[in-house]
Each structure stands twice: as C-alpha cells, then as structure tokens.
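Inspection log for the structure reproduced underneath, given as structure tokens.
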Amino acid sequence: MSLLDVSGLSCRFGAQNALSDISFQVEKGEIIGVIGSSGAGKSTLLRCLCALERPTEGKILLDGADLTLLSERELVAARRKVGLVFQHFNLLNARSAAGNIALPLEIAGWPKARITARVDELLALVGLEGHGHKRPSQLSGGQKQRVGIARAIANSPSLLLCDEATSALDPHTTASILELLADINRTLGLTIILITHEMEVVRRFAHRVLVLDHGALIENGSMATLMRDSRGDPRLENLLADIRPTLPEALKRRLLPDPGPDTRPLLRVVLGPETAGTPFLSHLTTRFQQEVTLIQGGTLACGDELLSDMILSFSAPLSAPLSIFLDQRAHVTEVLGYVPADR
Ligand SMILES: Nc1ncnc2c1ncn2[C@@H]1O[C@H](COP(=O)(O)OP(=O)(O)OP(=O)(O)O)[C@@H](O)[C@H]1O
C-alpha cells in the first residue's frame, strides 16, 4: 500500500476547476516535487492533502484512511500525520524558537518534561543547538525556516508538505535548507512533498516530479522522463527553461535549419542516469572519429541521480552509425541546426 494514494481528485470553486481528475501515488520515503506555473493548482492540491480543503470529488488515502470521508474530529488527528512548512515560516514572535517548536506538542497534550526533551532533540536535528531561547526576530531567514521544519516534524508526521519552503531565501540558504530536508528524508525516512515554482529546487531535490497545468496533472516521473517528454510540449519546455543550457546568441544568429556543404551539426543531447557520468564524449571521438565540442551544459545531480544535458557541436555530418549510436545511448537527441564550419 502506498503512503499516499490520490485518485480522481477534483476541486472546483464555482465555475473554476482548480484541480481536475488528478491521480497519483507516493511511496514511503520518496521526495516529490510538485511544480506548475501560477494558477496551476499547486496550493489547492496542498490544501487538499492536509485536509484544509474538501475536494469536490475523489479520494485521498493517507496511510489507508480517506481524508475526504473523515469527520471534523477525526480530521484533527489526521492532520497531525501531515507536517507543514511555509514559505514565510509562520512563527509566533511572542515565543522563542523552542516555544514555537513546542507548540504542536503542547496542543497534542504532551507532558512538559517530554516536550523539553523532544524540543532539544529537534533543535539539534535542525542544527539550532544553543539558539532555542532566541525570538524569531533574532534569527536569520534560514534559521527561521529551520525552526519551521523542526515544528513541522515535532509530532513525527508520516508526510511533510513544504509550500514554497525556500522561495523567500537566498540561493546559499536555499541550498542549506534543501540539504537539511534531504538529511531528514534519509535519516528519518520521512516522505516529503515540496510544492514550488522553481525548477532548480525540484531538479536538485526531488526523486520524482509532478507537473500541474491548469488544474491537470500533465507529468508524473523522474527529471529524465520530464526532459524526454518535454520535447514539443511548450508547457513543459517553459518550466524547464530555467535549468536547461541555451545556445549562445552568437551561435544562434548563425544557425541554419538545413545542412550545407561546409556546416557542422549542433545537437542537444540528454544522457539518462545510466549513461551520465560515463566517458560518453570521448567514446564518440574514438569510435566515430568525430571532434565533439561541448558548447553549453554538462552533468547535473537530479535528486539521487545524474543527468547530462548538453549542447554539442560535431566536426562533421553525422554518419548513419553515429546517429544510431546516439539514438540507442542518449536519452534525447535533437538536432538544433547547423553552423558554418569556420565557427
Ligand atoms: N478559494 C478559492 N476561490 C476561488 N477560486 C480559487 C480559490 N482558490 C484557488 N482558486 C483558483 O483556482 C486556481 C488554482 O489556484 P492555486 O492557488 O491552487 O494555484 P497555484 O498553482 O498555487 O498558483 P500560485 O503559484 O500563483 O500560488 C486559480 O485559478 C485560482 O484563482
């Protein structure tokens, strides 16, 4: 049984279809990135998953219990299984960092001594030992989010939902918060769903990507799958544009759609996890006597996998055996055009 099993989920606000017939499963220990442009339905999905919104149709099974069928009283208990991390931290400034982390435990009726021990454990887990007495206003953005994460996992939820958890942070702090979340995922086996509009965050962090578009789920797979499926789909191409290598302007201006007598082909080549990180380019050179130049791109870490996304220039027209080799070994091969050989 999956930890989370969403089926036929729809959510309408009057005539507005915020979510239309969405189905997906999440297994224990997975990190899922949910991405989509503004108005795609990300926040509505998040609210449905933490039972703050009742969907119009469909089921949301969390640990086997259907959140859509629970009474208000049962929902209070069910919501404890879902931790929430917010973009703007949502901390109480009247309380210390430790006091904020203690809040869900107090609400759940934990005895005082156990709360103190648990808060100390959580402060250490998120790297805030010695900061427990400080008010949120005395903490940096990254430290505030660490408090937010400690508070969200205090009750040992089955699922951690992160709503744009790094969008208010600078790139360095974003990296450290993603590292913390990945650590928590590894050490506690905690399942994480991260909702974001930043593809870079999804690329670095998620094992699997769900793409929402106008309330519909249009993709559910690894980054490698997303890159393959994005060809010819402007909705996916647009989302990926932030992280993909682009052709330098100087070359773009000289790009010809068809090969000429003295032109070199330019190709976008994506290598999947099975080939990324292997000496693929030198293999092309030795086996096919081609000089291959890396124009843009390289190898990226995508969740736990490697992926190479490159724009390559070849010294000569592609022979039939080379084309076959690329089709067999590369995840995606796309001829971008041809440039005169003097460049
Ligand atoms: N309470 C509501 N009442 C009416 N319409 C709503 C409500 N909540 C969301 N919507 C509509 O549903 C659609 C999806 O909204 P949602 O906020 O889920 O998108 P989103 O992907 O989170 O967008 P953003 O990235 O801008 O936050 C939008 O068209 C929005 O206007």
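The values are calculated or read from the model by the stated rules, or taken from the named source; none is laboratory data. Predicted model, so just to flag it, every value in this text is computed and none were measured. Heads up, the Cβs are rebuilt from the backbone with ideal geometry, glycines too, and the neighbour counts pull from every protein chain shown.
Would you confirm, using the coordinates I've provided, whether Ser37 is of a type in the set (S, T, N, Q), assigned by TED's automatic domain parsing to the domain that holds Ile149 and under 24 Å from the mean Cα position of the chain (by Cα)?
In short, yes.
Considering Thr299, Thr225, Thr246, Thr285, the condition of being of a type in the set (Val, Ile, Thr), surrounded by fewer than 20 Cβ atoms within 10 Å (Cβ to Cβ) and more than 29 Å from Ser176 (Cβ to Cβ) is satisfied by Thr285 alone. Just to be sure I understand the filter: pairs with C-beta atoms under 7 Å, separated by 6 or more residues or on different chains, first member in the range 314-327 and free of Cβ contacts under 8 Å to residues at least 12 places away in the same chain, second member of a type in the set (S, T, N, Q). Which pairs pass? The qualifying pairs are Asp327/Thr333.
Would you mind finding the one in Leu266, Leu307 that is under 28 Å from Ser222 (Cβ atoms), touching a Phe, Trp or Tyr at 6+ places or on another chain (Cβ under 8 Å), assigned to a strand (DSSP E or B) and in contact (Cβ under 8 Å) with a residue 40 or more places away in the chain? It is Leu266.
Look at (1) closer than 21 Å to Arg151 by Cβ; (2) within 16 Å of the ligand (Cβ to nearest atom) and you find that Arg95 fails only one, number (2). Of the residues making up the range 65-123, those that are within 21 Å of Leu4 (Cβ to Cβ), surrounded by 15 or more Cβ atoms within 10 Å (Cβ to Cβ) and more than 29 Å from the chain's Cα centre (by Cα) number 1. Applying the criterion of being in a helix (DSSP H, G or I) and touching a residue at least 24 places away in the same chain (Cβ under 8 Å) to the residues of the range 19-58, the residue that is farthest from the ligand (Cβ to nearest atom) is Leu49. Within the range 37-60, the set of residues being crowded, with 17+ Cβ neighbours inside 10 Å and at positive phi comprises Gly41, Ala51, Gly58. Residues that are outside any helix (DSSP H, G or I) and farther than 12 Å from Ala165 by Cβ were ranked within the range 177-196; the one that is nearest to the ligand (Cβ to nearest atom) is Thr191.
Taken over the range 150-176, the residue count meeting the criterion of being under 21 Å from Glu27 (Cα atoms) and of a type in the set (Val, Ile, Thr) is 1.
Within the set Val34, Val6, Val26, the sole residue that is touching a Phe, Trp or Tyr at 6+ places or on another chain (Cβ under 7 Å) and closer than 26 Å to Leu240 by Cβ turns out to be Val6.
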